[in-house]
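Let me begin by presenting the structure, written as structure tokens, before commenting on it.
The values are calculated or read from the model by the stated rules, or taken from the named source; none is laboratory data. Predicted, not measured: the structure shown is a model, and the values here were computed from it. Glycine also receives a Cβ, built like all others from the backbone with ideal geometry; neighbour counts cover every protein chain displayed.
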Amino acid sequence: MKDKYDAIKLENQLCFPLYAVSKEIVKKYKPYLDELDLTYTQYITMMVMWEHKSMNVKELGEYLYLDSGTLTPVLKKLEQKGWLVRKRDSRDERVLNVSLTEEGLELREKACKVPEQMGNCLKLSKEEIDILYKVLYKVLDTIN
């Protein structure tokens, strides 16, 4: 017989293993990202910038599922490190554009080893990783 409190048991929550796995994976990234002088949030920001070179903050936030309140201090720090430049759009001052610097582009070379290093931490087959990837993005698409 089901207890009326089963629905609120931690072991019955999908959100908890998602939260715990996310936290633990970010913890695994730390030593590799420390070598690059990046936090995880800075790293994913740089990943988008390495791909796109330049974009506005709103677009960047959409890629990363981050609001401007979270993204602004990250971008300021990356700009202080010399890896990005933030500049108001000449056509619309309300729009803030972000561009990769040469130094930021050079950092990409050092970052190329991080995915392989992380892949060695996960004891999943290629097939399991592909399935997990698809399921997680399906959840993200459904939520949004």
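If the condition is being without any contact (Cβ under 8 Å) to a residue 24 or more places away in the chain, of a type outside the set (Lys, Arg) and over 20 Å from Leu140 (Cβ atoms), then the range 48-100 contributes Gly69, Thr72, Pro73, Glu79, Gln80, Gly82, Val85, Ser90, Asp92, Glu93. Of the set (1) out of contact with any strand residue (DSSP E or B) (no Cβ under 7 Å at 6 or more places or on another chain); (2) closer than 27 Å to Leu140 by Cβ; (3) exposed (fewer than 14 other Cβ atoms within 10 Å of the Cβ); (4) modelled with pLDDT of 95 or more, all apply to Arg108 but (3). The residues of the range 106-115 that are in contact with a Phe, Trp or Tyr (Cβ under 7 Å, 6 or more places away or on another chain) and either under 19 Å from Glu59 (Cβ atoms) or among the aliphatic types (A, V, I, L, M) (or both), listed by number, are Leu107, Val114. Assess whether Leu33 counts as being hydrophobic (A, V, I, L, M, F, W, C), in contact (Cβ under 8 Å) with a residue 60 or more places away in the chain and assigned to a helix (DSSP H, G or I). So Leu33 fits the description; yes.
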